[in-house]
Protein chains: 2
Amino acid sequence: MTTTSTHETEIVADPRVPLVRIVREFDAPRAKVFRAHTDPELIVKWLGPRDLTMRIDHYDCRTGGSYRYLHSRNDEEYGFHGCFHEVRPDEVIVQTFTFEGYPDSVALERLVLEDIGNGRTRLTATSLVDSFESRDAFLASGMETGINEGYERLDELLGA
Amino acid sequence: MTTTSTHETEIVADPRVPLVRIVREFDAPRAKVFRAHTDPELIVKWLGPRDLTMRIDHYDCRTGGSYRYLHSRNDEEYGFHGCFHEVRPDEVIVQTFTFEGYPDSVALERLVLEDIGNGRTRLTATSLVDSFESRDAFLASGMETGINEGYERLDELLGA
């Protein structure tokens, strides 16, 4: 495949458990998509919406490592942090996630990358929290914009 | 209070989300109960049932740290590992947890310690997983024995 078209991002709320599932395909091999999720010099180029500036405090993406980054816009700054439970090269990243505006709210996130042939990759990202209220507030927060824009920026980075 | 009696351990399956909640009181101040959860030299003395031997691979209990330990009985050895999302002294520990026999199953755990007066502490430990099947299999696994015996051993350690 040589197309560089942008793919649809599927965002689904699980009906049984307080989990969000995001599925997205990329026209790039798995190792390249994985590296864009683990190398801080690449992450800073695509993670989040276009109108925010990302600054990494630390990003030690290995089993047992941790991360913290900040998104800023004008005078506002938003911090995010977590730890990496497991990082299995090219396949899986399991990590925790907290937006520091709600420091007691913690999500357990799992990223799975599948090789779907022809140098293409399917990404499935799940985010589990401890209540449906938190999950639904997250879905209602306008998060799709950040996710869609982030993945469009990732398409650009992977195509570059 | 000077009683050293063993308290009941309450283990509850949440009806709405795949979470287990454990509540237990201890006749010891919060700082002491916290330290028994963070100092590897103390943890090794109480965590788990009496008939298993615990060996710590590493236990770096701080925000962004990680741990791995092994329980053994005769020729069998069981590994457990995770990362520490947040460690707030005397109050809260948020961590991930995997039994290495089921390496793709990850729990998000939160320990909260409350000072309930007279040098006593209430511990609330929650464990969140991504399906009711996993949660119910955990509950059916005979985990109460390990938890009850572990907390009885912790009573003994705190009283010593």
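The values are calculated or read from the model by the stated rules, or taken from the named source; none is laboratory data. What you see is a predicted model, and the numbers here were worked out from it, not measured in a lab. Every residue, glycine among them, receives a Cβ derived from its backbone with ideal geometry; neighbour counts consider all protein chains shown. Side chains included, ligands, DNA and RNA excluded: accessible areas come from the protein's heavy atoms. Shrake-Rupley method; radii C 1.70, N 1.55, O 1.52, S 1.80 Å.
So, in nm, how far is label A:PHE132 from label A:ARG73 when the simple model puts each one 7 Å beyond its Cα toward the Cβ?
So the label points at A:PHE132 and A:ARG73 sit 3.0 nm apart.
Could you pull out every Cys in the protein assembly as shown that lacks a partner Cys with its beta carbon under 4.7 Å away?
By the Cβ distance rule, which asks for a partner under 4.7 Å, the isolated cysteines are A:CYS61, B:CYS61.
Determine by what factor the alpha-carbon radius of gyration of the stretch B:96-160 differs from 2.2 N^0.38 Å, reporting the quotient.
Working: Rg = 14.5 Å, N = 65, 2.2 N^0.38 = 10.7 Å.
So the Cα radius of gyration is 1.35 times the expected 2.2 N^0.38 Å.
How many Å² of accessible area per residue for the stretch B:10-158, probe 1.4 Å?
47
Straight-line reach from A:LYS45: which lysines fall under 23 Å, measuring Cα to Cα and dropping same-chain residues less than 8 apart?
Answer for A:LYS45, where 23 Å is the Cα cut-off: A:LYS32, listed by chain and number.
Suppose a student asked you for the relative contact order of chain A, using Cα pairs under 8 Å spaced at least 6 residues apart; what percent would you report?
Taking the mean separation of contacting Cα pairs over the length of chain A, I get 27 percent.
With a 1.4 Å probe on protein heavy atoms only, work out how much accessible surface A and B bury together, total over both chains, in Å² to the nearest 100.
Looking at A and B, the buried total is near 2000 Å².
Using a 1.4 Å probe on the protein chains only, how many percent of the accessible area of the protein assembly as shown belongs to carbon and sulfur?
Roughly 48 percent, rounded to a whole number.
What are the radius of gyration and Dmax of the protein assembly as shown, computed over its Cα atoms and given in Å?
Expressed in Å, the Cα Rg and Dmax of the protein assembly as shown come to 21.3, 75.
Using +1 on the beta carbon of Lys and Arg, -1 on that of Asp and Glu, and nothing else charged, what's the dipole of the stretch A:3-88 about the Cα centre, debye to 20? Intermediate results must be reported in sequence, preceding the final value.
On the way: 13 positive and 14 negative charges, 61 e Å.
The calculation lands at about 300 debye.
To one decimal in nm, how far is B:VAL44 from the same spot in the other copies, if labels go 7 Å from Cα toward Cβ? Please give the shortest first.
4.1
Can you give the Rg/Rh ratio of the stretch A:10-158, where Rg is from the C-alpha atoms and Rh is the Kirkwood radius? Walk me through the numbers before you get to the answer.
Working: Rg = 14.7 Å, Rh = 15.8 Å.
That ratio is 0.94, to two decimals.
In angstroms, what radius of gyration and Dmax does the stretch A:62-106 have, counting Cα atoms only?
Over the stretch A:62-106's Cα set, Rg and Dmax evaluate to 12.5, 37 Å.
How far is B:ALA31 from itself in the other copies, in nm, if each label sits 7 Å out from Cα along the Cα-Cβ line, shortest first?
Ordered by increasing distance: 5.4 nm.
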